[in-house]
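See below for the structure under consideration.
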Amino acid sequence: MKHIIAPYLPEHAVDAVFEMIKIYGVHLKIVNDRVTRHGDYRRTPQGYHQITVNASLNKYRFLITLIHEIAHLAAFEKYGRNIKPHGEEWKLVFQKLMVPFIRPEIFPSQLLPLLARHFRNPKASSDTDATLALALKQFDGPTDKHYVFELPFGSRFRIHNGKIFRKGAQRMKRYECMEVSTGKIYLFNPNAEVELLP
């Protein structure tokens, strides 16, 4: 198993992650990219702890996502299944599991202060932390995707299902964008990844 996960993780994180997978009895599946999530955890009907993580993630995002999902498993085991999935108990467990990895042997120096700040109060997704998400994106391979917040006002973009939108004004944290074919207004997270159209 160690040789399977090694290509997806920072080199100095592999042994510790492998031990964590063994301790928690994780059945890890590295899967094709899913648009709506980076990873997930579920307990199978047979009682296995199954975690899936997208294969396309860069090694730093893969590590954060995998620990995020292991934290769900650990929090449910420690506090019971009635806790909120991203509530206080999960946050405490996620912090405890992640903090040992936030060091210069594992993450590039420019990510360390952003990670330290993020893990003071971790969110349900690292994508909701715009500064961290943008910093992590620089380690992705070449892509034609852009974040909504980067696009000029009025520009047209396509989302994963082929629908085309025109970017509008920012409303609190999200952007109002009009679906071109219907005229309907939708709210987009600033960090939604889309394809900019000419």
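Can you pull out the GluC sites (Glu not before Pro) in segment 56-125 whose DSSP state is coil and whose Cβ has at most 14 other Cβ atoms within 10 Å?
Qualifying residues, ordered by number: 105.
In nm, to one decimal, how far is the residue 124 label point from the residue 48 one, both placed 7 Å along Cα→Cβ?
2.8 nm
Let me have the relative contact order for segment 145-196, percent, based on Cα pairs under 8 Å that are six or more residues apart.
Details: 105 pairs, mean separation 22.0, N = 52.
Worked out over segment 145-196, it gives 42 percent.
What spacing in nm lies between the two simple spin-label points modelled at residue 11 and residue 174, each 7 Å away from Cα in the Cβ direction?
Label at residue 11, label at residue 174, 4.3 nm between them.
Counting alpha carbon pairs within less than 8 Å and at least 6 residues apart, what relative contact order, in whole percent, applies to the chain?
Contact order relative to length: 14 percent.
On a full-extension model of 0.36 nm per residue, what is the gain between residue 150 and residue 182, subtracting their alpha-carbon distance, rounded to one decimal in nm?
Here the segment from residue 150 to residue 182 would lengthen by 9.1 nm.
Past 21 Å, Cα to Cα: identify those pairs from 145/167; 91/145; 123/163; 29/59, in the order given. Mind dumping the intermediate values first?
Numbers: 145/167 15 Å; 91/145 30 Å; 123/163 28 Å; 29/59 15 Å.
Distance filter (> 21 Å) returns 91/145; 123/163.
Treat the count of other C-beta atoms within 10 Å as a stand-in for reagent exposure and order 127, 144 from fewest to most.
On the way: 127 20, 144 9.
Result, fewest neighbours first: 144, 127.
Give the calculated FRET efficiency between residue 77 and residue 4 to the nearest 0.05, with a Förster radius of 41 Å applied to their Cβ-Cβ distance.
Computed FRET efficiency for residue 77 and residue 4: 0.95.
No lab work stands behind these numbers, since they all come straight from the coordinates. Note that the structure is predicted; figures quoted are calculated from it, not measured. Cβ sites come from the backbone with ideal geometry, for glycine too, and all protein chains shown count toward neighbours.
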